[in-house]
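First up is the structure itself, then whatever we jot down about it.
The values are calculated or read from the model by the stated rules, or taken from the named source; none is laboratory data. The shown structure was predicted, so the numbers you read here are calculated from the model rather than taken from an experiment. All Cβ positions, even for glycine, are placed from backbone atoms using ideal geometry, and neighbour counts span all protein chains on display. Heads up: the accessible areas ignore ligands, DNA and RNA and are worked out on the full protein's heavy atoms, side chains in. Shrake-Rupley method; radii C 1.70, N 1.55, O 1.52, S 1.80 Å.
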Amino acid sequence: MPMSNLVDVGLSHYLALSAALFAIGMLGVLMRRNVIVMMMSIELMLNAVNLTFVAFSRFRDNMDGQAMVFFVMTVAAAEAAVGLALAVTIFKRFREVNIRYFEHLKG
Amino acid sequence: MTLTAQDLLFYILGGLSLASALGVLLMTNPIYSALCLALTMVSLAGLYASMQAWFVAGVQLIVYAGAVMVLFVMVLMLFDLKSEVKAFSRGAVAGFMKLVAVGLMTGAFLAAIYNSADTLLGTSLAANVDGTASTKALAQMLFGKYVFAFEAMGVLLLIIAIGAVALSRIEGGTHADE
C-alpha cells in the first residue's frame, strides 16, 4: 500500500477500524467467562457497526445511516438492560456471574 | 497529499479506541473493563464529531458513555467483584480455534474493504454541513420516513422495561424452585 493511502484518510480507513473493533468485541465474547464483560464486548461490536453506518453516511452523503444508528443504540440499550437483569438474578443464586451458570436457566 | 487535521484526529481517536477496546478484552478486573469501554465510547463520539455527525456524537455521549455505562458500573458494584483468577475460558485448542476464527473473519473483512477501495473512494464526500441543518434533516427522517420503526422502538423499550422489572422481582433468582 503506498504512503499516500495511509495519509489520505478515506472511507476504507474507517471501515478497517470498524472491522478491528468488531474483531476485538467478538474475541471478548468468545474468550471471556464473565457475563458482564461478554455483554460489554457485545456493546463494542454494536459500536463498531455504528461506526460503519456513520462513515458510510458521511462519505456517501446520505443521512439514512445516521437514522439507523439510533435504532442500533436503542436495541443495544434494551439488550444491556435485560442482560444485566438476568445477570443479577443469576448472581442472587450462585454469587458469581460465570457464563457456565446460564446453562441451567429455567423459566 | 497532506495530513489534514481530520486525518490526524482519525489516527489519534482511532488508536485510542483500539487501545481501550483491547483493554476491555484483556483487563481481568471487570471495573477496569467497564472504564476502558467508556473510553472507547468517548473516542468513538469524537470520531463521529470529526465526521460532522454532531447529533449522533452527542447521543453517543449521553446514551452510551452516560446511561449504559452507568448501568454496567452500577451492576458491577452491586456484585462487588474482585479481579478474576480465571478471566478467560479454558482450553488451549479451543482458544486457538477461536483466535483462528476471528482472524479469518477479520481477514475476510479487510480483504473486502481493500478490494473495494477503488469503488468506495470514488464516492463523493459530503460538503461541510451545518450542524443545525443536518440535525433537522435527521429529525425529519426519523419522524417521516422511519416513523413506524421509531414507534416500534418505543414499544420495544416499554416491553424491555416491564421485562427487566419482572426478572428482577423473581424471588431467589432464576432457580427458585430447585
Scanning the stretch A:43-95 for residues that are outside any helix (DSSP H, G or I) and within 7 Å of chain B (Cβ to nearest Cβ), which turns out most open to solvent (accessible area, probe 1.4 Å)? A:Arg60
Being facing chain A (nearest Cβ under 7 Å), modelled with pLDDT of 85 or more and open to solvent by 80 Å² or more (accessible area, probe 1.4 Å): is that true of B:Phe96 here? no
Exactly one of B:Leu76, B:Leu81 is open to solvent by 30 Å² or more (accessible area, probe 1.4 Å), touching a Pro at 6+ places or on another chain (Cβ under 9 Å) and at the interface with chain A (Cβ under 9 Å from one of its Cβ atoms), and that one is B:Leu81
Which is out of contact with any Pro (no Cβ under 8 Å at 6 or more places or on another chain), farther than 23 Å from A:Asn34 by Cβ and open to solvent by 30 Å² or more (accessible area, probe 1.4 Å), of B:Leu22, B:Leu35, B:Leu16? B:Leu16
Among the residues of the stretch B:85-119, what is the count of those that are outside any helix (DSSP H, G or I), under 29 Å from A:Ser18 (Cβ atoms) and not small (Gly, Ala, Ser)? 1
Does any residue of the stretch B:44-53 turn out to be touching a Phe, Trp or Tyr at 6+ places or on another chain (Cβ under 6 Å), modelled with pLDDT of 90 or more and within 22 Å of A:Met68 (Cβ to Cβ)? no
Residue check, B:Gln52 against (1) touching a residue at least 12 places away in the same chain (Cβ under 8 Å); (2) in a helix (DSSP H, G or I), all met but one. Which one? (2)
Does the stretch A:17-42 hold any residues that are within 19 Å of A:Ile90 (Cα to Cα), touching a residue at least 12 places away in the same chain (Cβ under 8 Å), aliphatic (A, V, I, L, M) and facing chain B (nearest Cβ under 7 Å), and which are they? A:Ile36, A:Met40
Identify, from the list B:Leu37, B:Leu3, B:Leu22, the residue that is within 7 Å of another protein chain (Cβ to nearest Cβ), farther than 22 Å from B:Phe79 by Cβ and within 15 Å of the chain's Cα centre (by Cα). B:Leu22
